[in-house]
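Asker: I have a structure I would like to understand better, so I am pasting it below and will then ask my questions one at a time.
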Amino acid sequence: MARDAYDAAVQTLQAPLDSVDGVADSLVGLFPVSGAAVSTIGELLGNQTVSASNEVAARLDELQFDLGEGPCWDTLATGRPVLEPNLRELPDTRWPAFGPAIPRDKVGALFAFPMLVGPLRVGAIDLYAAAPIGFEPLQTRQATHLASLVARNVLRLALASSGDDPQPEGKHSRRKIHQATGMVLAQLETTADEATLVIQGHAFATGRSMMEVAEEILAGQLAFRAGPSGIEERR
């Protein structure tokens, strides 16, 4: 991938998007793959493909949803990329149900990257290549970073569609949320924007308001820390 193309993609994804429909197509243009899919997975947003570059990519997602296993589930569970550069060498025990269902005449390699926002596991990005092919370490790091940026946009759009307001009315509410944001920022050594999104996403995931979550943080009842599989909450 040309460095300028990657930098342009990062710049685009760092800004709030109106839609993620075209994200999968853009990923295919950045990496040596034949297709890509972006999906939400789990209890937070449900299982759904939100962007797919072609029918094969969409079908791979659908199979994983139906069978409950595959690279998207693994990458989200571990918080780390899943790289299968040659499906011809895939052990039968790797994915007992999903493995045999992969259309091997169309898919020779599979790669998955976790979409994480703070402690929230939003979903995964799946990339596939028609023939066996490896991912270089730099490409893996780049895809992992892009997945985190896509995750923020997917979560932002989901929260916006739910009607959850990240800036509740009232000076008192804003002050407490801003104070809590500062604490999360320090705990995770991240940006104010992501710290706010962590609070908002946690509120959404637990069915509470941002104010309630902020009060727990300020009272020391809820904190976040960087863990081995991403960012974890602790009480």
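Asker: State which residue is modelled with the lowest pLDDT when the search covers only the stretch 164-202 and only residues that are in contact with a strand residue (DSSP E or B) (Cβ under 6 Å, 6 or more places away or on another chain) and of a type outside the set (A, V, I, L, M, F, W, C).
Answerer: In this case the residue turns out to be G201.
Asker: On to the next question. Name the residue that is farthest from H202 (Cα to Cα), counting only residues in the stretch 1-52 that are surrounded by fewer than 18 Cβ atoms within 10 Å (Cβ to Cβ) and hydroxyl-bearing (S, T, Y).
Answerer: Out of the qualifying residues, it is T12.
Asker: Given the criterion over 22 Å from V28 (Cβ atoms), assigned by TED's automatic domain parsing to the domain that holds L157 and touching a helix residue (DSSP H, G or I) at 6+ places or on another chain (Cβ under 7 Å), identify the matching residue among G79, G123, G118.
Answerer: Residue meeting the stated conditions: G118.
Asker: Pull up the stretch 139-162, narrow it to residues that are basic (K, R) and modelled with pLDDT under 95, then point me to the one that is surrounded by the most Cβ atoms within 10 Å (Cβ to Cβ).
Answerer: Taking the stretch 139-162 as the starting set, the residues that turn out to be basic (K, R) are 141, 152, 156.
Within this subset, residues satisfying the condition of being modelled with pLDDT under 95 are 152, 156.
Details: R152: 22, R156: 19.
Checking each candidate, the answer is R152.
Asker: Please pick out the residue among T140, T144 that is among the β-branched types (V, I, T), over 21 Å from L45 (Cβ atoms) and assigned by TED's automatic domain parsing to the domain that holds E62.
Answerer: T140
Asker: What strands (runs of 3 or more DSSP E) lie completely within the stretch 53-138 and have 3 or more residues being at pLDDT 95 or above, buried (at least 21 other Cβ atoms within 10 Å of the Cβ) and on the phi < 0 side of the Ramachandran plot?
Answerer: Hits in the stretch 53-138: 109-117, 120-129.
Asker: Might you check whether a residue that is in a helix (DSSP H, G or I) and not charged (D, E, K, R) occurs anywhere in the stretch 31-48?
Answerer: The answer is no, given that none of the residues of the stretch 31-48 is in a helix (DSSP H, G or I) and not charged (D, E, K, R).
Asker: Which count do you get for residues in the stretch 1-24 that are touching a residue at least 24 places away in the same chain (Cβ under 8 Å), closer than 19 Å to R152 by Cβ and not in a loop (DSSP other than H, G, I, E, B)?
Answerer: Result for the stretch 1-24: 7.
Asker: If a residue has to be within 14 Å of L218 (Cβ to Cβ) and charged (D, E, K, R) to count, how many in the stretch 174-208 make the cut?
Answerer: Within the stretch 174-208, residues that are within 14 Å of L218 (Cβ to Cβ) and charged (D, E, K, R) number 3.
Each row is one residue, and each column tells you yes or no for (1) of a type in the set (D, E, K, R); (2) assigned to a helix (DSSP H, G or I); (3) in contact (Cβ under 8 Å) with a residue 12 or more places away in the chain; (4) not assigned by TED's automatic domain parsing to the domain that holds A151.
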| site | (1), (2), (3), (4) |
| --- | --- |
| Q179 | no, yes, yes, yes |
| L197 | no, yes, yes, yes |
| G201 | no, yes, yes, yes |
| F204 | no, yes, yes, yes |
| M211 | no, yes, yes, yes |
| E215 | yes, yes, yes, yes |
| Q221 | no, no, yes, yes |
| R225 | yes, no, yes, yes |
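The values are calculated or read from the model by the stated rules, or taken from the named source; none is laboratory data. Remember, predicted model here, so these are calculated numbers, not experimental data. Cβ coordinates were reconstructed from backbone atoms using ideal geometry, including for glycine residues, and neighbour counts include every protein chain displayed.
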